[in-house]
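The structure under discussion appears below in the form of structure tokens.
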Amino acid sequence: MNRLPTPISDSTQRKMPPQPNRRLRWLNSDRPLRSSAEARRVDAVVVGSGAGGAVAAYELANAGREVLVLEEGGYYDEATYGDTNAQRMANLYRFGEEMFARGATRSIPVLTGRAVGGSTVINSGSCFRAPGDVLDRWGLDHAEMDSLFADVEEVICVHPVPDDLVGRNGRIVQRGANALGWSNGVIPRNIDGCRGTGLCSFGCPTGGKQAMHKSYLPRATALGARVAARCRVTAVAEGRVEAEWAEVGSRLEVEADAVVLAAGPIHTPRLLIEAGLGPAEHVGRHLRIQPAAGVIARFDNEVRVEGEPSTLQSWYVDEFRADHGVVLEATHLLAETAGELKDWRHHALVGVLVGDEGQGSVEPDGSGGALLRYELHPADEERLRFGMDRGAELMRAAGAAGVLPLDLRLSAYHPLGTAGLGAVCDDSGKVHGTSTVHVMDASLLPDAPGVNPQLTVMALSARAARTLVAQ
Ligand SMILES: Cc1cc2nc3c(=O)[nH]c(=O)nc-3n(C[C@H](O)[C@H](O)[C@H](O)COP(=O)(O)OP(=O)(O)OC[C@H]3O[C@@H](n4cnc5c(N)ncnc54)[C@H](O)[C@@H]3O)c2cc1C
């Protein structure tokens, strides 16, 4: 058995320790940030407020540093995400050419978030620690990483999906895996008061998912960190960033002892390349996306009951992770896929996630955006096809009447690796050849962990921030 480590063994709902202030304090009234182009000095300016940036902001504020977070997206919560899924996507997702990893024969959609809280606002909430063999490959100490993972899990409230929220999809995957004797388990998630709406990727409508704007950012602001929303960093340099602050309608220049880039694995390398910082042969190279596919099966005797509580992703199969780089995860049919199926309530979906060995690249498009190039590596295509065959086998073992034709329809949610530890950054995230510019986001992962990465992004960001503070 090669079961993935489940971080917290008991299945009781863990409550976050009380917080002095659950709402974000945008700008401190005692030291207001001027809306002019005036340069301002802080200890650390953090670019981006997602999984990496929020953790970095908290760790630096917790060490007594004056921290300013600049986030391109707006602040939204369950009252303001939007009335329809289309509105929520327009508010929370990033669109444009950079949504596609382009290859010679195929384009793979790569989804990311743009909001206070970054992609964690729209992610599915699955929380896996990077497995031990991955940490070994990256040369990281298990005890140190275990302690970092535990710290993160406590703040974002990670625990296994409660029994009553596993839902029909999860039960089907569990049943199929058990029938075949494959290693499987309940997915740990960052939820506190989840009601199983299954709408995690449109901004949790009940506030149960402990995304960054519900967990790390309120903690950071309670310690004095400030967050400027709709503030897009346009240029970085040693000890300095420039931004356009749409919320206020002005430009902003900030000077800082540490410039922490956490704009995500697409815009962090884009900003570095535009500034000519870091080793050019590595920055923006080595892009992994962890391509995903799905297998849809029809169940004659099982119907998804309208309104049945069921979390988006509840059950995993890791039987093929170590040897084949493939993990299966129960997930819901996306609205548009469901729309194509007349009797979608009779259908169930299992996702196939691949830790890719193929590498793509990110480069500036010349007008503030980015271009992603990515060729699906033949070995990764083989992994995907293997995973889909196993998904179909699992569905049949669970009693499926039939499996829909297995076409390789790919999408990706986990871009990473574009300014990796070692190749581009040291342990404090400091970019080689610079003295003040650090990376603390998914760019930092040396390669594909083969499991959903948010916990690893947060742990590595905390590690880099603590190393910076210790220095
Ligand atoms: C739909 C979806 C589902 C996912 N599901 C899971 C899951 O279940 N489990 C899991 O582990 N992972 C999941 N992920 C992946 C996970 O959310 C990411 O790996 C993680 O959030 C990456 O963290 P980050 O800090 O690198 O980037 P992000 O969280 O994307 O944050 C980057 C932030 O920087 C901001 N930014 C960019 N450029 C600028 C600029 N110039 N100036 C200012 N701000 C800027 C962006 O607007 C964004 O808010 C999912 C992702 C998506 C999109």
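Since every read-out is calculated from the coordinates, none of them should be taken as a lab result. Only a predicted model underlies this, so the values are computations on that prediction, with no experimental measurement involved. Counting neighbours? That spans all protein chains shown, and the Cβs are built from the backbone with ideal geometry, glycine included.
I need the calculated FRET efficiency for the pair residue 467 and residue 179, taking r as the beta carbon distance and R₀ as 51 Å, to the nearest 0.05.
After rounding, the FRET efficiency stands at 0.65.
How much length would be gained if the chain were fully extended between residue 100 and residue 345, taking 0.36 nm per residue of separation minus their Cα-Cα distance, in nm to one decimal? It would help to have the intermediate numbers written out before the result.
Values: separation 245, 0.36 × 245 = 88.20 nm, distance 3.02 nm.
Extending this stretch completely gives an extra 85.2 nm.
Assuming R0 = 22 Å, what is the FRET efficiency of residue 308 and residue 86, from their Cβ-Cβ distance, to the nearest 0.05?
Values: r = 24 Å, r/R0 = 1.10.
It comes to 0.35.
Diagonalise the Cα gyration tensor of the chain and give the resulting equivalent ellipsoid semi-axes, square root of 5 times each eigenvalue, largest first, whole Å.
Equivalent ellipsoid semi-axes, largest first: 36, 23, 21 Å.
Counting other C-beta atoms within 10 Å, which of 367, 314 has the fewest, and how do the rest follow?
In increasing order of surrounding Cβ atoms, one gets 367, 314.
Report the charge-dipole magnitude of the chain in Debye, nearest 20, computed about the Cα centre from +1 at each Lys and Arg Cβ and -1 at each Asp and Glu Cβ.
The calculated dipole for the chain is roughly 940 debye.
Taking H as built 1.01 Å from N, whose amide H comes closer than 5 Å to the amide H of residue 416, not counting residues under 5 places away?
Amide H to amide H, under 5 Å and 5 or more residues apart or across chains, residue 416 pairs with 288.
Could I have the simple spin-label model distance between residue 435 and residue 154, label points 7 Å from Cα toward Cβ, reported in nm to one decimal?
For residue 435 paired with residue 154, the spin-label model returns 3.7 nm.
Which whole-Hz couplings ³J(HN,Hα) result when phi for each residue of the stretch 45-59 is put into the Karplus expression 6.51 cos²θ - 1.76 cosθ + 1.60, θ = phi - 60°, listed in order with x for Gly and Pro?
In residue order, the calculated couplings are 10, 10, 9, x, 10, x, 3, x, x, 5, 5, 4, 4, 5, 4 Hz.
Which of the peptides 193-199, 393-399 is most tightly packed, and how do the rest follow, judged by the mean count of other Cβ atoms within 10 Å per residue?
Peptide ranking by packing, descending: 393-399, 193-199.
Would you mind checking which residues have amide H under 5 Å from residue 40's amide H? H placed 1.01 Å from N; only 5 or more apart, or other chain.
253, 254, 255
Calculate how steeply helix 167-180 sits against the longest principal axis of the alpha-carbon atoms of the chain, using the helix alpha-carbon long axis, and give the answer as 0 to 90 degrees to the nearest 10.
Helix 167-180 sits at roughly 60 degrees to that axis.
Which percent, nearest 5, of DSSP beta bridges in the chain are antiparallel?
Numbers: 50 of 72 bridges.
Counting only bridges with both partners in the chain, antiparallel ones make up about 70 percent.
How would you rank 161, 186, going from fewest to most other Cβ atoms within 10 Å of each one's own Cβ?
186, 161
What list of ³J(HN,Hα) couplings, whole Hz, do you get for the stretch 199-212 from phi and the Karplus terms 6.51, -1.76, 1.60, once you set θ to phi - 60° and write x for glycine and proline?
Once θ is set to phi - 60°, the couplings for the stretch 199-212 become 9, 3, 7, 10, x, 4, x, 10, x, x, 5, 8, 5, 4 Hz.
Could you run the Karplus curve 6.51 cos²θ - 1.76 cosθ + 1.60 with θ = phi - 60° over the stretch 351-368 and give me ³J(HN,Hα) per residue in whole Hz, x for Gly and Pro?
Once θ is set to phi - 60°, the couplings for the stretch 351-368 become x, 10, 10, 10, x, 7, 9, x, 10, x, 8, 10, 9, x, 8, x, 9, x Hz.
Tell me the mean residue ellipticity at 222 nm calculated for the chain from its helices only (DSSP H runs of n ≥ 4, each -39500 (n - 2.57), averaged over every residue, nearest 500).
Mean residue ellipticity at 222 nm (helix-derived): -8000 deg cm²/dmol.
Most exposed first by the Cβ proxy, i.e. fewest other Cβ within 10 Å, how do 430, 209, 342 rank?
Sorted ascending by nearby Cβ count, the order is 342, 430, 209.
Expected output is a single nm value to one decimal: the length gained when fully extending between residue 246 and residue 41, i.e. 0.36 nm times separation in residues minus the C-alpha distance. What is it?
Working: separation 205, 0.36 × 205 = 73.80 nm, distance 2.04 nm.
Here the segment from residue 246 to residue 41 would lengthen by 71.8 nm.
Residue 101's amide H: which non-local residues (gap 5+, or another chain) put their own amide H closer than 5 Å, with H modeled 1.01 Å from N in plane and none for Pro or chain starts?
So residue 101 has HN proximity to 108, 110.
How high is the relative contact order of the stretch 30-470, given as a whole-number percent (alpha carbon pairs under 8 Å, six or more residues apart)?
24
Report the gain in length on full extension from residue 255 to residue 393: 0.36 nm times residue separation, minus Cα-Cα distance, nm rounded to one decimal.
On the way: separation 138, 0.36 × 138 = 49.68 nm, distance 5.70 nm.
Between residue 255 and residue 393, full extension yields 44.0 nm more.
How do 406-414, 44-52 rank on mean C-beta neighbours within 10 Å, highest first?
44-52, 406-414
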